[in-house]
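The structure under discussion appears below in the form of structure tokens.
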Amino acid sequence: MKKKSKVLLAASLVAAVSIVPVASASSLTQKVEAYLNSKLEISINGTKQDQSLAPVTYDDKTYLPLRELANKMGFEVEWNGEKQSINLTKKQADLSLATSGIMTSLTKQEAGYIAEISGQKLGGKGFNQVKLTIDASTEIIDLVNGKALKLEDLREGYKVTAFYGERLTKSLPPIGNASKLYVTKQTIPVHGIIDKTAHPMDTFIFQVYVNGEGDKEVGNDIMLTVDNNTRIIKRDGTPVEADALKDGVKISGYYGPVVALSYPGKSTADTLIIE
């Protein structure tokens, strides 16, 4: 079984300083015999790292390359060759753009995730739909209980507010890096087809029966109440009127987290995305 190491910032950075290469002519250097320990698995916030963080073992202690580790932890490294010194500075998060919406997909990457978020840009800046890299440098906070989340805690269906910078691709949707991610609600996803006509209950509230996966199973179906607080959009974030919810329409619904114990279940729709 591979050994696992949870990297603590302070301890790791102090240890890593010891093996930062300095000028060979310096009297401060000392030749030692060390071993590359490629079998040791390094994770940051639960995400396994690649070989750029390959550890070195010397005198029964494990050392990591400072610059690579610092960059992954959101630090900038400044090397002063004249003074033979290293200065670490916390990178300032670029929070110039923001999107509030549902995390409609979450794709695992080697160093984190690519999350697609559909919703609404905030403050007139940002995009209604965006894809963001979420990694060890992203601050992830669950605003429901005020706790920090790990990368592996994220799920499709989480309602989030994502902050990111202006360095984005020109694709649709644009792709960038998430500086901060605030989870505001943990909804449950359902992907399927509206199987029964929406039944008006009054001017603002009605229900839709969603046939999960469009199959004949009832266990993955859900009856969703749609009200004034339900956001109805296309995947690109364009708002849609409620009368677009008709039989045969393919949707992705995000509801709960409270679900009535009925068959099928019943809940209130937070966001409905017409595919």
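The values are calculated or read from the model by the stated rules, or taken from the named source; none is laboratory data. The structure displayed is predicted, hence computed values, not measured ones. Note: ideal-geometry Cβ built from the backbone for every residue, glycine included; neighbour counts use all protein chains shown. In case anyone asks, the SASA skips ligands and DNA or RNA and just uses the protein heavy atoms, side chains included. Shrake-Rupley method; radii C 1.70, N 1.55, O 1.52, S 1.80 Å.
Here is how the numbers come out for the structure above:
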{"read-out": "Packing rank of 80-88, 186-194, 217-225, where each peptide gets the mean count of other beta carbons within 10 Å, highest leading", "value": "186-194, 217-225, 80-88"}
{"read-out": "Å² of accessible area per residue within segment 170-274, as computed with a 1.4 Å probe and no ligands counted", "value": "55"}
{"read-out": "Proximal aspartates and glutamates to LYS39, defined as alpha-carbon separation beneath 14 angstrom and excluding residues fewer than eight positions away on the same chain", "value": "ASP50"}
{"read-out": "Approximate spin-label separation THR29-LEU106, in nm, with each point projected 7 Å along Cα-to-Cβ", "value": "4.6"}
{"read-out": "Segment 59-147 - percent of accessible surface contributed by carbon and sulfur, probe 1.4 Å", "value": "44"}
